[in-house]
Amino acid sequence: MLNRPLNSKGIEMAGDDKPGVDKGGRAPRNLSLDPEEMQLINDHLKLNPQDLFKIPNIRALVAMSRLAKVAGSGGVQVLESTDDAVIENTVSHNMGGLTGMKALDRPTLLINALSSIYYVFHHAASLQVLSVGPRSEAEILALIAAGFMPENIHGLDLISYSEFVDLGDMHAMPYEDNTFDIVFLGWVISYSNDVGRVAKEAMRVAKPGAHIAIGVERNPRSIDELADESGYRLDSTEFETTDQLLKLFEGRIAEVPFRNDVHETMMDEVSHVMVIFRLT
């Protein structure tokens, strides 16, 4: 084995010598990167810097850095007036999540499933995407990593520090009818006590045949228990199954290419309910 330092995945890092071959002339099992391979990677990244966003840690670092640059100068904006359907403490809860950079990689659970739908994968560069409630740019960067073009991505949130994210309320989205090919509702619909209105708005701004992706957290602990722990109450709307989510869009569903309900062995753990469907 070559005498090189290993990274956390056990892959040998580049050194001055080239990796050897075994007696059969095959590439060795140790995944060492020699200077020639490192140069190939660097040349590729010069032409395709967005590929760095496919690495979760890189997305997190970039999102944190961009937030830090504007947060100190009061660059985080908050929507002055929210709809009564927004549950109490939503803004303060998500401001805490933003500054603490929580759940940065969670959206990729749903984005990976979305981009595995071949139509979406094949047409990603031309699709118009709405990301509702992204909180930080990490979700936007994850969408870019999946092949969606930055100029085609719009975020919508009650808080924003980024030109990617418009200030607005999901109960009255500031967009024209039939605008988006993808409406991404990642872990946001639970912040409404009128989810039917959110569903109607999502269908209104979506084009016929658009894909809607929804993710929600399922927490076995009660709202009272969570309030005791956090120090404030967040009476979020709870969903137990994908059937409950799909019922909100009854009559407009053409197909359901992806759904994920809580596994029976995980009913006592924090888990996620996720579904992707195509509108008629």
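We did not get these values from a lab; they are worked out from the coordinates using the rules stated. Please read all numbers here as calculations on a predicted model, not as lab measurements. Cβ sites come from the backbone with ideal geometry, for glycine too, and all protein chains shown count toward neighbours.
Side notes on the structure shown:
- Count, lysine Cα pairs under 26 Å in the chain, 8 or more residues apart or across chains: 13
- A Stokes-Einstein calculation at 37 °C with viscosity 0.692 mPa s, built on the Kirkwood radius of region 149-280 over Cα pairs, returns a diffusion coefficient of 206 µm²/s.
- Charged side chains reduced to their Cβ positions (Lys and Arg at +1, Asp and Glu at -1) give the chain a dipole of some 900 debye around its Cα centre.
- Ranked by the mean number of other Cβ atoms within 10 Å of their residues, highest first, the peptides 135-143, 153-161 fall in the order 135-143, 153-161.
- Put simply, the chain fits an ellipsoid with semi-axes of 37, 22, 21 Å; these come from the alpha carbon gyration tensor as the roots of five times its eigenvalues, largest first.
- Segments 206-214, 52-60 sorted - mean Cβ within 10 Å per residue, highest first: 206-214, 52-60
- The stretch between residue 64 and residue 31 holds 8.8 nm of extra length on full extension. This uses 0.36 nm per residue minus the Cα-Cα distance.
- Gained length - residue 45 relative to residue 81, 0.36 nm times residue gap less alpha-carbon distance: 8.7 nm
- Dipole-positive endmost among 45, 156, 133 within the chain (Cβ charges, Cα centre): 45
- Just checking the listed ones, 257, 174, 28: in the Gaussian network model of the chain with Cα springs under 10 Å, the one fluctuating most is 28.
- In the chain, a dipole from Cβ-located charges (positive for Lys and Arg, negative for Asp and Glu) runs towards its positive end, and of 256, 101, 55 it is 55 whose Cα lies farthest in that direction.
- Computed from the Cβ-Cβ distance with R0 of 22 Å, the FRET efficiency linking residue 261 to residue 177 stands at 0.10.
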